[in-house]
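Each value in this text was obtained by applying a stated rule to the coordinates, not by laboratory testing. Everything numeric here is computed off the predicted structure, so don't read it as measured data. Reconstructed Cβ throughout: ideal geometry from the backbone, glycine too, with neighbour counts over all protein chains shown.
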Amino acid sequence: METKNLTCIGCPLGCQIEVMMDESGEIALITGNTCQRGEKYARKEVTSPTRIVTSSVRVYGSKSGERTVPLKTASDIPKGKIMEVIRDLRGVSVPCPVHIGDVLMKDIAGTGVDVIATKNVE
Amino acid sequence: MERTAYNLIIIGGGPAGLSAAVAAYDAGERSILILERDTRLGGILNQCIHNGFGLHTFQEELTGPEYAQRYIDKVIERGIEYKLDTMVMSLIQTEDGLKEIMAVSEKEGLMLLSAKAVVLGMGCRERSRGALNIPGFRPAGVFSAGTAQRLVNIEGYLPGRRVVILGSGDIGLIMARRMTLEGAKVLVCAELMPYSGGLKRNIVQCLDDFGIPLKLSHTVVRIEGKERVEGVVIAEVGPDRKPIPGTE
Ligand code: SF4
């Protein structure tokens with residue numbers, strides 16, 4: 001039996017979760033989480049950890065004089081791909097207006113996930 | 001000077017001010033004015049572009065600007081009046097029992113307002129370097145975490161390429177990740193206390209994910225450089241939080 005200790009990032013409580021793995025590497029027992037999200041997180045974190053990536057890129061033509069628009073991956077992406085996502089965003093500049101939820105880049109870094117704006121910039 | 005009268009004036013158009021305005025409106029108040037010194041509503045949330053907001057209020061995970069927009073929409077839907085780019089200069093109690101506010105904006109110039117009630121929603125301020133008593137010259141390149149956050153996320157500048165973070169509060173941790181993503185090398189995050197003041201989830205996803213070391217019971221004892229910061233000296237502190245000589 002192998003045990004892995006994790007800190008859940010699902011909410012500010014940050015529960016300490018213990019995941020027990022049996023000989024074949026299957027999850028045998030998850031303890032320490034206070035809610036369902038924690039269990040889901042623990043399963044993913046020991047098999048294929050993921051994160052939502054947030055960043056920002058430049059805009060041009062903003063009437064309100066904004067220079068950047070914040071963005072996020074529309075859903076979580078493999079943790080190992082974070083830097084690739086960031087690399088693909090480098091040098092990107094988008095025209096205004098931009099609205100929350102607008103797709104700024106499709107299928108970023110081959111993850112199948114789009115990058116969407118998280119702020120309205122007129 | 002003529003006073004413009006409102007029942008309720010809210011100073012600050014950030015999360016506190018916006019939700020106060022919405023709550024007052026929904027309780028029946030119609031004479032409301034929000035005064036905001038920045039050029040946009042939303043306050044500090046505009047620069048908090050990371051996710052994790054709104055779990056309790058909206059049962060979803062939003063970024064700061066998305067969370068702010070929910071409240072901005074509520075204010076606009078209700079037709080609540082607000083003035084941007086408007087700085088409050090004074091707030092006094094007048095003899096007629098009202099509160100009098102003097103404010104100024106580039107567009108409207110000086111204005112005199114009166115209110116039956118005032119809500120202060122101006123947020124908090126960071127402790128500056130001066131307040132922390134770190135000796136040395138005053139070189140460029142030393143920022144509070146919140147200032148660095150504004151520079152990166154709103155102005156679009158990276159404040160430095162080799163970074164040391166003093167303090168492990170949530171904004172310090174979040175900026176460790178943010179500046180790493182923007183191409184900076186974050187060497188270390190030093191924390192005076194024997195524990196971090198930040199959330200555990202931020203230690204995991206902002207430091208551990210990127211291999212950034214957290215040095216507990218450590219602080220900056222000296223900042224090197226005269227015009228531009230060249231380095232810092234970090235030392236371990238004892239239980240009395242004073243640097244231990246010889247650990248620099
Ligand atoms: S297990 Fe649930 S309660 Fe605990 S940190 Fe994760 S999301 Fe929050």
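Give me the angle, in degrees from 0 to 90, between the Cα long axis of helix B:170-181 and the longest principal axis of the Cα atoms of chain B, rounded to the nearest 10.
70
Karplus couplings for the range A:67-79 from phi (6.51 cos²θ - 1.76 cosθ + 1.60, θ = phi - 60°), rounded to Hz, Gly and Pro as x?
Rounded to whole hertz, the list is 9, 9, 10, x, 8, 8, 6, 4, 8, 6, 10, x, 4.
Using only DSSP helix segments of four residues or longer, with each worth -39500 (n - 2.57), what per-residue ellipticity at 222 nm results for chain B after dividing by its residue count and rounding to 500?
Mean residue ellipticity at 222 nm (helix-derived): -6000 deg cm²/dmol.
What is the calculated FRET efficiency for A:Asp22 to A:Val92, with r their C-beta to C-beta distance and R₀ = 51 Å, to the nearest 0.05?
Using R0 = 51 Å, I get an efficiency of 0.70.
Å³ per residue of the Cα convex hull, for chain A?
That works out to 112 Å³ per residue.
Rg and Dmax of the range A:54-117, Cα atoms, in Å?
Final numbers for Rg and Dmax: 11.6, 37 Å.
Compute the label zone of B:Leu55 within the range B:170-190: residues whose backbone N is under 19 Å from the point 7 Å along Cα-to-Cβ.
B:170-175, B:177
Computed from the mean reciprocal separation of all distinct C-alpha pairs, what Kirkwood hydrodynamic radius does the protein assembly as shown have, in Å?
After inverting the mean inverse Cα-Cα distance, the result is 23.1 Å.
Near the amide H of B:Ala190, under 5 Å away, which other amide H atoms are found, from residues 5 or more places off or on another chain, if H is placed in the peptide plane?
B:Ile165, B:Leu166, B:Gly167, B:Lys215
Can you give the translational diffusion coefficient of chain B in µm²/s, computed by Stokes-Einstein from the Kirkwood radius over Cα pairs at 37 °C and 0.692 mPa s?
Translational D for this selection: 160 µm²/s.
When we measure straight from the Cα of B:Lys107, which lysines land under 21 angstrom away, once same-chain ones fewer than 8 places off are left out?
A:Lys63, B:Lys83
Greater than 24 Å separation of Cα atoms is the criterion. Which listed pairs, A:Lys119/B:Lys185; A:Lys72/B:Lys215; A:Lys119/B:Lys200; A:Lys79/B:Lys185, meet it?
A:Lys119/B:Lys185; A:Lys72/B:Lys215; A:Lys119/B:Lys200
Residues with amide H under 5 Å of B:Gly197's amide H, sequence separation 5 or more or different chain, H placed in the peptide plane at 1.01 Å from N; which?
B:Ser168, B:Gly169
May I ask for the angle, rounded to the nearest 10°, between helix A:36-47 and the longest principal axis of chain A, with both axes built from Cα atoms and the value confined to 0 to 90°?
90
Sorted by average packing, counted as other Cβ atoms within 10 angstrom per residue and highest first, what order do A:49-62, B:164-177, B:75-88 take?
Taking the mean over residues of other Cβ atoms within 10 Å, the ranking is B:164-177, A:49-62, B:75-88.
Using Cα atoms only, what is the angle between the long axis of helix B:15-26 and the major principal axis of chain B, expressed in degrees (0 to 90) to the nearest 10?
Value to nearest ten degrees: 30.
I want the antiparallel fraction of DSSP beta bridges within the range A:54-117, as a percent rounded to 5.
Around 75 percent of the beta bridges assigned by DSSP in the range A:54-117 are antiparallel ones.
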